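Asks: What follows is a structure written as structure tokens; I'll ask about it next.
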Amino acid sequence: MENKEEVLVLAIESSCDETAAAVVKDGREVLSNIIYSQIDLHTLYGGVVPEIASRKHIEKINQVVERALADAGVLLEQITAVAVTCGPGLVGALLVGVSAAKAIAFAADKPLVGVHHIEGHICANYIENRELEPPFLCLVVSGGHSHLVMVKGYGEYEVVGRTRDDAAGEAFDKVARAIGLGYPGGPKVDQISREGNPEAIFFPRAKVGDSAYDFSFSGLKSAVLNYVNGCKMRGEAVNQADVAASFQKAVVDVLTEHSIHAAVAYKADKLALAGGVASNSHLREAMGKACARCGIAFYHPSPVFCTDNAAMIGVAGYYEYKRGVRCGWDLNAIPNLKLGERIHGR
Ligand code: KG4
Ligand code: ZN
């Protein structure tokens with residue numbers, strides 16, 4: 001820890017239902033990654049309850065930060081900068097992380113770097129793929145977002161496609177609830193699909209007329225709900241595994257097709273996945289095969305770096321720090337922050 005060149009980022013993430021802190025060295029080496037998941041608390045209600053999330057973040061934030069420093073074997077004074085997710089996300093949840101980061105940075109006299117949550121998801125790919133560098137195309141699919149992003153350079157993004165309605169993860173969660181799998185739906189649909197027939201039921205693959213790379217999942221979600229209601233009205237049992245596998249195939253087909261088209265159009269020879277849905281085994285397999293057919297190198301993070309974590313914020317924070325980003329003490333939570341939008345102090 002004596003090397004003056006070394007950049008150690010303490011990162012904080014609290015945009016939804018994970019309270020997380022991490023220490024990242026020189027942008028790519030994760031020294032610690034502490035995640036307190038609130039999933040059990042929210043399962044009771046079938047989804048994230050914002051007020052409960054904020055309260056739990058307050059309770060846990062100092063604990064996870066202390067553990068992140070201890071696990072990394074780093075003292076606060078050795079940290080170079082403090083990075084924090086400042087948007088998008090639940091405002092009350094974001095505020096806890098932003099306030100904690102500001103207090104720590106102020107008290108320890110360290111620079112403060114605000115990070116966009118999606119930028120964090122994208123940067124998760126750098127952790128285990130040391131050779132990966134921009135430019136590349138990234139499909140970011142999580143509970144709140146479905147974006148196709150051209151990563152032109154570190155901190156330089158062009159959104160080339162996005163969902164017009166539901167996010168991919170949201171569709172997974174709603175379909176899981178409709179067929180009685182509970183919350184959070186994504187991993188459960190993934191799991192049960194292995195026992196189902198993906199060709200059993202044909203669900204629509206929506207096209208968005210005026211944009212080749214945009215997504216729409218609400219029609220698909222309604223088609224699944226209608227199918228399930230139809231079965232119930234006829235007194236027929238719903239085959240959970242077949243519905244899950246058929247729904248999952250419809251989502252994966254659209255995500256894969258649009259991503260490959262965009263990669264070809266933007267001449268990207270590298271394609272990465274990011275976000276919670278990126279841990280879906282069928283999506284990884286289908287995208288891997290499609291990329292191989294087209295001569296595109298394929299990247300994805302391990303599941304622990306796909307779902308919300310602070311290590312990814314530490315990586316993004318490092319590159320923003322290197323670009324000279326420093327935020328003021330008036331940094332605020334921005335629930336609808338756009339990717340690439342100026343964060344205070346830039
Ligand atoms: O990135 P993330 O942790 O939080 C947001 O930024 O939204 O993503 C959570 C989402 C949830 O909708 C969850 O159901 C979905 O990711 N997810 C999955 C899988 N694991 C998590 N969806 C499909 N298959 C999975 N294996
Ligand atoms: Zn996320």
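Asks: Using only the heavy atoms of the protein chains and a 1.4 Å probe, how would R28, R177, R323 rank by accessible area, largest first? Let's see the in-between values first.
Replies: On the way: R28 25, R177 155, R323 115 Å².
Sorted by accessible area, descending: R177, R323, R28.
Asks: Jot down the per residue volume, in cubic angstrom and as a whole number, of the convex hull over the alpha-carbon atoms of the range 129-280. Mind showing how you got there, number by number?
Replies: Details: hull volume 17.1 nm³, N = 152.
Taking the convex hull of the Cα positions in the range 129-280, it is 112 Å³ per residue.
Asks: Okay, next question. Could you sort K267, K188, K289 by their accessible area in this structure, using a 1.4 Å probe and putting the largest first? Mind showing how you got there, number by number?
Replies: Values: K267 175, K188 80, K289 120 Å².
If we order K267, K188, K289 from most to least accessible, we get K267, K289, K188.
Asks: Turning to a different aspect of this structure: Rounded to the nearest 10 degrees, what's the angle between the helix 168-178 long axis and the longest principal axis of the chain, both from Cα atoms, 0 to 90?
Replies: Long axis of 168-178 versus the principal axis of the chain: about 50 degrees.
Asks: Can you count the Lys pairs in the range 180-262 with C-alpha separation below 17 Å, eight or more apart or on different chains?
Replies: Working: K188/K221; K188/K249; K207/K221; K207/K249; K221/K232; K221/K249.
The result is 6.
Asks: Could you work out the percent of alpha carbon pairs in the range 235-275 separated by over 13 Å, rounded to a whole number? Please report the intermediate quantities before stating the final value.
Replies: Details: 528 of 820 pairs.
Across the range 235-275, Cα pairs with separations above 13 Å total 64 percent.
Asks: Let me ask something additional. K25: which lysines have alpha carbons under 17 Å from its alpha carbon, excluding same-chain residues fewer than 8 sequence positions away?
Replies: K4, K110, K322
Asks: If you fit an axis through the alpha-carbon atoms of helix 50-72 and take the longest principal axis of the Cα set of the chain, what angle between them do you get, 0 to 90°, nearest 10?
Replies: Roughly 50 degrees, rounded to the nearest 10.
Asks: Sticking with this one: Obtain the radius of gyration and the Kirkwood radius of the chain from its C-alpha atoms and give Rg over Rh. Show your work: numbers first, answer last.
Replies: Details: Rg = 20.2 Å, Rh = 20.5 Å.
Ratio of gyration radius to Kirkwood radius: 0.99.
Asks: Express in nm, to one decimal, how much length is gained between E195 and K207 on full extension, taking 0.36 nm for each residue of separation and deducting their alpha carbon distance. Write down the numbers at each step before the final one.
Replies: Numbers: separation 12, 0.36 × 12 = 4.32 nm, distance 2.85 nm.
Result: 1.5 nm gained on full extension.
Asks: OK, next. Say R0 is 45 Å: what FRET efficiency, to the nearest 0.05, do L132 and W329 get from their beta-carbon distance? Walk me through the numbers before you get to the answer.
Replies: Working: r = 34 Å, r/R0 = 0.76.
The value I calculate is 0.85.
Asks: Taking only Cα atoms of the range 262-303, what ratio of Rg to Rh do you get with Rh as the Kirkwood inverse-distance radius? Don't skip to the answer; put the middle values down first.
Replies: Values: Rg = 10.2 Å, Rh = 10.5 Å.
Expressed as Rg/Rh, it is 0.96.
Asks: What is the Cα convex hull volume of the range 248-344 when expressed per residue in Å³?
Replies: Details: hull volume 13.3 nm³, N = 97.
Dividing the Cα hull volume of the range 248-344 by its residue count gives 137 Å³.
Asks: Ignoring ligands, DNA and RNA, please state the percent of accessible area on the range 1-147 from carbon and sulfur, probe 1.4 Å. Display every interim value, and only then the final one.
Replies: On the way: 2960 of 5660 Å².
Percent of accessible area from carbon and sulfur atoms in the range 1-147: 52.
Asks: Taking only DSSP H segments of four or more residues, each worth -39500 (n - 2.57), what value at 222 nm results for the chain once the sum is divided by all its residues, to the nearest 500 deg cm²/dmol? Write out the running numbers ahead of the final one.
Replies: On the way: 11 runs with 150 residues, N = 346.
After summing the helix terms and dividing by residue count, I get -14000 deg cm²/dmol.
The values are calculated or read from the model by the stated rules, or taken from the named source; none is laboratory data. What you see is a predicted model; the values in this text were computed from it and never measured. Glycine gets a Cβ as well: all are built from the backbone with ideal geometry, and neighbour counts include every protein chain shown. We work out accessible area using only protein heavy atoms, side chains counted, and drop any ligands, DNA or RNA first. Shrake-Rupley method; radii C 1.70, N 1.55, O 1.52, S 1.80 Å.
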